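The values are calculated or read from the model by the stated rules, or taken from the named source; none is laboratory data. The shown structure was predicted, so the numbers you read here are calculated from the model rather than taken from an experiment. With ideal geometry, Cβ positions are generated from the backbone for all residues, glycine too; neighbour counts draw on all protein chains shown. Please note that ligands, DNA and RNA were not included when accessible areas were found on the heavy atoms of the full protein model with its side chains. Shrake-Rupley method; radii C 1.70, N 1.55, O 1.52, S 1.80 Å.
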Amino acid sequence: MGALDHISEMFDCSSGSSKLKKRKQLQTVEVKVKMDCEGCERKVRKAVDGMKGVNQVDIERKANKVTVVGYVEPSKVVARIAHRTGKKAELWPYVPYDVVAHPYAQGVYDKKAPSGYVRNVDDPQYSHLARASSTEVRYTTAFSDENPTACAIM
């Protein structure tokens, strides 16, 4: 801590009993909110713009996605949107298609997801799909057309 920081803390007149304040981190919060028209978009933007600490609000109406950048907490952003607009709001549940090992697995693929996105699932039920044991790999490659030393009994 520098000398100027030390002096400024000594002469700090801000309210609060604790000397050390924990600063909020700059975050990007993505929220899923169903928006049908420009009025819905305006209502959501107005609800979020009024929050303390918000630097930027981006709205993608076709994807039903609101991106808020600022010194805010994700839970407070979701609560504010839900309370002010009366719409159901949740944190953005989708990830890009390329990130998931099996995008067409039963719990991962979502018809309502925007194009290029699938549902983000960290369920152990689907984790076994991503891993194949070495014996499984040996048996599947033994009869593969791409393996030059494969069995040709068929």
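Among residues of the stretch 25-49 being assigned to a loop (DSSP other than H, G, I, E, B) and among the charged types (D, E, K, R), the one that is least open to solvent (accessible area, probe 1.4 Å) is Asp36.
No other residue among Ser115, Ser75 is among the small types (Gly, Ala, Ser), open to solvent by 90 Å² or more (accessible area, probe 1.4 Å) and either over 13 Å from the mean Cα position of the chain (by Cα) or at pLDDT 90 or above (or both) apart from Ser115.
The condition (being of a type outside the set (Asp, Glu), in a loop (DSSP other than H, G, I, E, B) and either surrounded by 10 or more Cβ atoms within 10 Å (Cβ to Cβ) or modelled with pLDDT of 85 or more (or both)) is satisfied by just one residue among Lys22, Lys52: Lys52. Residues in the stretch 59-69 that are open to solvent by 70 Å² or more (accessible area, probe 1.4 Å) and in a strand (DSSP E or B): Glu60 only.
Any chance you could count how many residues in the stretch 38-84 are in contact with a strand residue (DSSP E or B) (Cβ under 7 Å, 6 or more places away or on another chain) and not hydrophobic (A, V, I, L, M, F, W, C)? Count: 12.
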